Amino acid sequence: MRTVFLQECESTNRVALTLGQQGAVHGTAVVAGSQTAGRGRLGRVWQSPAGRGLYCSFIVRPRLGAEEYPRLTFAAGIAVATSVEHLFRTKPGLKWPNDVYFDHRKCGGILNEASGLGGKSEDRFAIIGIGINVNTAPGEFPPEIRENATSLYLETGKTVEILDLFAEVHERLLLEVCVLEEKGFAHVLSRWGQYDFLKGKRMTWVNIHGERVNGISLGPDNSGSLYVMDDMGDTHKILSGDIELWQGKKKSAAGP
Ligand code: BTN
């Protein structure tokens, strides 16, 4: 297991994909000072200026079936939330499926990508990309996301070495992957639920066709899909798409 430190790269997920395809072992990490083409979910850009955030990716080769790989997002969410709690003494929320939030503002995100899912189990691996706004100061976010983005510094007034946060997340992520393998997804979900930011809140689900459903989040079910009760009392099982918040600020942001 090793860590590759880069001053700058296009995307740590991209570098990790290449390393994984070359056979990098479970737990290998890539961390970059900045990214020139950082990516978020749903094709969004993750802006990644130097000295302001943690940009890292982990290659994991879990003992899980291919269909279980999306569950790694929940394990990674717990790893990020508990790392932040440990280092900053403050509890973030996790917004289904992959965002880290403080009071309606996004502070971090997880990009879980898999390789070789259709092939032999030994060729299969996941890349867990994590971006966290760490030291961003007021006014440093671009205007289009300023209202919806925050950083650990803005939330807590504390600054930490970005690499200390990286080390904490690295250790906890590998631990949470073990927990998922050994104790199962129900156990992971119940821990994730302690950080569930959406549960009981009004929200809008925007599906891949752009259709919108307003309702209240009931939290994820035992498969990890989000359950939402709409205004007519009907429930919807959400597998993917975008979740917009109703209270406070409206929309999730991609990053700084
Ligand atoms: C999201 O919120 O949509 C996920 C954002 C993930 C960003 C991280 S930064 C490190 C890694 N490399 C990338 O290009 N993306 C992830």
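The values are calculated or read from the model by the stated rules, or taken from the named source; none is laboratory data. As the structure is a computational prediction, the values presented were derived from the model and not from experiment. Cβ atoms come from the backbone with ideal geometry, glycine included; neighbour counts cover every protein chain shown.
When restricted to residues that are over 18 Å from Arg61 (Cβ atoms) and either more than 9 Å from the ligand (Cβ to nearest atom) or in contact with a Cys (Cβ under 6 Å, 6 or more places away or on another chain) (or both), the stretch 1-16 contains 4. The residue that is nearest to Tyr227 (Cα to Cα), counting only those in the stretch 172-198 that are buried (at least 16 other Cβ atoms within 10 Å of the Cβ) and among the charged types (D, E, K, R), is Asp196.
So which residues in the stretch 90-111 are assigned to a strand (DSSP E or B) and within 9 Å of the ligand (Cβ to nearest atom)? Selection gives Asp99, Val100, Lys106, Gly108, Gly109, Ile110, Leu111. The numbered conditions (1) at pLDDT below 95; (2) under 17 Å from the mean Cα position of the chain (by Cα) are all true for Gly38 except (1). Do you know which of the residues in the stretch 199-227 that are small (Gly, Ala, Ser) and over 24 Å from Asp103 (Cβ atoms) is surrounded by the most Cβ atoms within 10 Å (Cβ to Cβ)? Restricting to residues being small (Gly, Ala, Ser) and over 24 Å from Asp103 (Cβ atoms), the top hit is Gly224. If you check Ser57 against the conditions, is it at pLDDT 95 or above, among the hydroxyl-bearing types (Ser, Thr, Tyr), under 17 Å from Val169 (Cα atoms) and near the ligand (Cβ under 10 Å from one of its atoms)? Yes. The sole residue among Phe185, Phe141 that is in contact with a strand residue (DSSP E or B) (Cβ under 9 Å, 6 or more places away or on another chain) and among the aromatic types (Phe, Trp, Tyr) is Phe141.
In a residue-by-residue description of the stretch 1-23, the property of being under 25 Å from Trp192 (Cα atoms), surrounded by fewer than 17 Cβ atoms within 10 Å (Cβ to Cβ) and without any contact (Cβ under 8 Å) to a residue 40 or more places away in the chain applies to no position. Residues of the stretch 177-229 that are of a type outside the set (Lys, Arg), in a helix (DSSP H, G or I) and under 16 Å from the mean Cα position of the chain (by Cα): Val177, Val188, Leu189, Trp192, Gly193. Quick check on Leu19: is it more than 9 Å from the ligand (Cβ to nearest atom), more than 26 Å from Pro97 (Cβ to Cβ) and out of contact with any Leu (no Cβ under 9 Å at 6 or more places or on another chain)? When the stated conditions are applied, Leu19 does not pass them.
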